[in-house]
Amino acid sequence: MKIIKQFSLLVLLMFSIVTAKAQTALEKTVADWERAKTYTKEYLDAMPEGSFSLKPTPQMRSFADQFFHLADANYAFASTATDEKSPVAMGSLEKGTDKSKATVTKDVLASYDFVIAGIKKMSAEKLSEKVKLFGKFEMTREDALNKCFEHQTHHRGQGTVYIRLAGATPPAEKLF
């Protein structure tokens with residue numbers, strides 16, 4: 001009987017450690033997204049108002065569309081990862097007509113709020129559940145959030161070139 005109690009206690013302890021570790025992963029994910037939101041706002045703030053329509057080449061997106069694309073994807077990835085219904089249709093922000101600095105900033109930051117709120121509602125166990133991203137890529141919810149983070153980082157980084165072409169200075173790196 002003593003061995004069964006000790007074994008039960010060991011199992012309970014191991015479960016507690018795994019749960020605490022997963023909760024820490026959720027908290028870290030939220031902190032990373034909050035940092036990314038702040039960093040993205042710095043990019044939007046750095047771009048002069050009159051340069052949101054800037055396109056480095058005719059084939060490329062404008063600065064506004066680059067960040068609307070980032071926001072559209074934040075909604076799409078995160079809605080799958082968190083099971084929260086996206087308040088915007090896929091690609092609708094980029095297809096919009098108001099490309100002003102105020103609108104882009106408001107809509108892009110709202111996409112980060114959506115991601116962060118969705119993550120905060122998740123349980124640690126939910127991170128390991130499988131989902132189909134865009135109906136074809138099977139992965140865990142955590143992997144979907146990681147892909148989303150990678151995507152927004154990529155497009156925000158592209159904004160550096162746009163800001164430099166506009167004669168402004170992009171924000172310093174914000175890894176921590």
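The values are calculated or read from the model by the stated rules, or taken from the named source; none is laboratory data. If you're wondering where the values come from, they're calculated on a predicted model, not measured in any experiment. Cβ atoms come from the backbone with ideal geometry, glycine included; neighbour counts cover every protein chain shown. Only protein heavy atoms, including side chains, enter the accessible area calculation; ligands, DNA and RNA are left aside. Shrake-Rupley method; radii C 1.70, N 1.55, O 1.52, S 1.80 Å.
Overview of results
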read-out	value
Förster radius 25 Å - calculated FRET efficiency between residue 97 and residue 31, Cβ distance, rounded to 0.05	0.10
Three-way shape call for the stretch 108-154 based on the alpha-carbon gyration tensor, with the a/c threshold at 1.5	oblate
At R0 = 25 Å, FRET efficiency that the Cβ-Cβ distance of residue 174 and residue 138 yields, to 0.05	0.20
Low-density loop cleavage sites - trypsin sites (Lys or Arg not before Pro) in the stretch 102-172, where at most 10 other Cβ are within 10 Å (DSSP)	136
Contact order normalised by residue count of the chain, Cα under 8 Å, 6+ apart, percent	31
Set of lysines near residue 28 by C-alpha distance (under 19 Å), chain-local residues within fewer than 8 positions excluded	37, 120, 121, 126, 147, 174
Normalised alpha carbon radius of gyration of the chain [divisor 2.2 N^0.38 Å]	1.27
Solvent-accessible surface (1.4 angstrom probe) belonging to residue 94, in square angstrom, nearest 10	50
Calculated [θ] (222 nm, deg cm²/dmol) that DSSP helices of n ≥ 4 give over the chain, each run adding -39,500 (n - 2.57)	-23000 deg cm²/dmol
